[in-house]
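What follows is a single structure, written as structure tokens, with notes after it.
The values are calculated or read from the model by the stated rules, or taken from the named source; none is laboratory data. These numbers were taken from a predicted model, which means no experiment stands behind them. A quick note on method: Cβ atoms are made from the backbone with ideal geometry, for glycine too, and the neighbour counts reach across all protein chains shown. Accessible surface areas use protein heavy atoms only, side chains included; no ligands, DNA or RNA. Shrake-Rupley method; radii C 1.70, N 1.55, O 1.52, S 1.80 Å.
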Amino acid sequence: MSGSGFSSSLAEPVRDAFAVLRGTAEAGRLAHGYIVSCDRMEWGVAFTTLLLQWLFCREAQRPCGQCRACRQVEARTHPDTVWVEPANKSRQIDADQVREQVNPLIQQTSFEGGWKAAVLLDADRITEAAANAFLKTLEEPPAQSLMLLVTMNPGGLLPTILSRCQRIHIDDAQAGAAFSRVEEAMLDWLRRRTRKDSPLVQAGWMAAILAEVRAQAEAREKEAAGEDGIDKEILDARIQARVVEARLQIVRLLYRWERDLLVLAGGGDKKTLQFPDEWSTLVRQSEGLTVAACLRRLARVDEAVRLLDRNLPENLVWETSLPV
């Protein structure tokens, strides 16, 4: 890391991922395209911001976080960068965004004689037409051009894009056992639920968790925008991105919990559990469950993921696809 303390407050997985790629960049081996896959979207954004600040900063200890270039990257106003994110009601990155914003910046001469960078946030939301428009630039990139595709779902990208980019993964393996507020709320429900809970009760609990996420995301985005405010479409898209991220956390945690019930139904022991600290609760909830029943419950979680990916209403998905 740089000699300054600028990045010390970032999450450890972000700093670790940056340290790896910085070493690659210092050796002159930086690729043109990277898929930044992350368990938490804010980590992918923080990593991308830090990398671009390092590229554009001209201070001895970079990134300093204080110079004009660092501040421009933070504000997403640097003339040699473009940030694209889903901004319409369909929550997609469309072909016009790629043709009018991404490709021209990458192909033109750098304003400041150095790197040019395009960032696609929630890149898995790119349409097929937009991906095809992006491919030529990705296949024949000019010198000192960088394309960063930030996503929590790299599997949603076309194989032709995956094959042309290197992968940086930022996960929370070193974040300790602390759960986010979403995870804590979800665990609280999982501990208390019973097989007598109706689908409506379960759907209501999920809706309450996501409503809190939505309210917090809206307050955070408005505070960050300050007095200048923010375009409503962009605001709505960013809020929805946080809700989708929380929804993914919920489904992942639910799957891990149901997997533990399967382990216990099959005679497994505490050492093999994802949640060993929840041993007594899991034992109680697994009573009377067969392996076949647990497999059916896991299949329902998979079905929920599939339906959510099709943008079906969340409440409908929770009511019809949660394990009962």
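One residue stands out in segment 146-198 among those that are of a type in the set (S, T, N, Q) and within 24 Å of Leu210 (Cα to Cα): the one that is modelled with the highest pLDDT, namely Thr151.
Confirm whether Ile239 is under 19 Å from the mean Cα position of the chain (by Cα), part of a helix (DSSP H, G or I), touching a residue at least 24 places away in the same chain (Cβ under 8 Å) and buried (at least 16 other Cβ atoms within 10 Å of the Cβ). It is true that Ile239 is under 19 Å from the mean Cα position of the chain (by Cα), part of a helix (DSSP H, G or I), touching a residue at least 24 places away in the same chain (Cβ under 8 Å) and buried (at least 16 other Cβ atoms within 10 Å of the Cβ).
Every listed requirement among (1) free of Cβ contacts under 8 Å to residues at least 12 places away in the same chain; (2) outside any loop (DSSP other than H, G, I, E, B); (3) surrounded by fewer than 14 Cβ atoms within 10 Å (Cβ to Cβ) is met by Lys222 save one, (1). Could you tell me whether Val20 is open to solvent by 20 Å² or more (accessible area, probe 1.4 Å), under 16 Å from Val82 (Cα atoms) and modelled with pLDDT under 95? No.
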